[in-house]
């Protein structure tokens, strides 16, 4: 069948399209490379607590007993982070219901809080006279990072790399608090 003029032109155009792919002779081009790019992740790290280990250890407490202890945290991460405090574990025979708690943050280095300087109250602003702010209540309200108390904006440079927490406690004057125990873990978690 002979090609009509219209089909011949369409066929020629298709052939031209196939052969015109690529750079035409005499065209210009340029390529610029930025060189090797690199990435390094930062970290969010605490150094050892001062003092290391338990913040509070009490034996033989009676109704009306009270005290406080301090722990100093140092942040060494390369990234700025928000640090929160929560109660990650509670065990024992029920003393947490009768143990009032107050947590405050500030500065200081001594475990006995003798040089503690208050910046803010993180839990129980009323103090040791508020009998509803027990360890049980703190655990119920602050059990992970999203519910944690405090919002320390930590960096790895002074003065924002250290924070001292004062944990104050009292045993409620309630006869049902006798012969009970509690152990608990306070957890400070940093997230960037």
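The values are calculated or read from the model by the stated rules, or taken from the named source; none is laboratory data. Computed from a predicted model, the values in this text were never measured in an experiment. Cβ coordinates were reconstructed from backbone atoms using ideal geometry, including for glycine residues, and neighbour counts include every protein chain displayed.
Residues being in a strand (DSSP E or B) and surrounded by fewer than 16 Cβ atoms within 10 Å (Cβ to Cβ) are entirely absent from the stretch 126-143.
Residue 118: out of contact with any helix residue (DSSP H, G or I) (no Cβ under 6 Å at 6 or more places or on another chain), part of a strand (DSSP E or B) and surrounded by fewer than 21 Cβ atoms within 10 Å (Cβ to Cβ), yes or no? Yes: the conditions hold for residue 118. Exactly one residue out of 106, 100, 77 is modelled with pLDDT of 85 or more, surrounded by 16 or more Cβ atoms within 10 Å (Cβ to Cβ) and part of a loop (DSSP other than H, G, I, E, B), and it is 77. If you go through the stretch 103-118 and pick out every residue that is closer than 12 Å to residue 150 by Cβ and free of Cβ contacts under 8 Å to residues at least 24 places away in the same chain, you end up with 0.
Do we have residue 95 as surrounded by 15 or more Cβ atoms within 10 Å (Cβ to Cβ) and either within 17 Å of residue 166 (Cα to Cα) or at pLDDT 85 or above (or both) here? Don't jump to the end; show me each part of the working.
Details: surrounded by 15 or more Cβ atoms within 10 Å (Cβ to Cβ): yes; either within 17 Å of residue 166 (Cα to Cα) or at pLDDT 85 or above (or both): yes.
Yes; evaluated as a whole, the condition is true for this residue.
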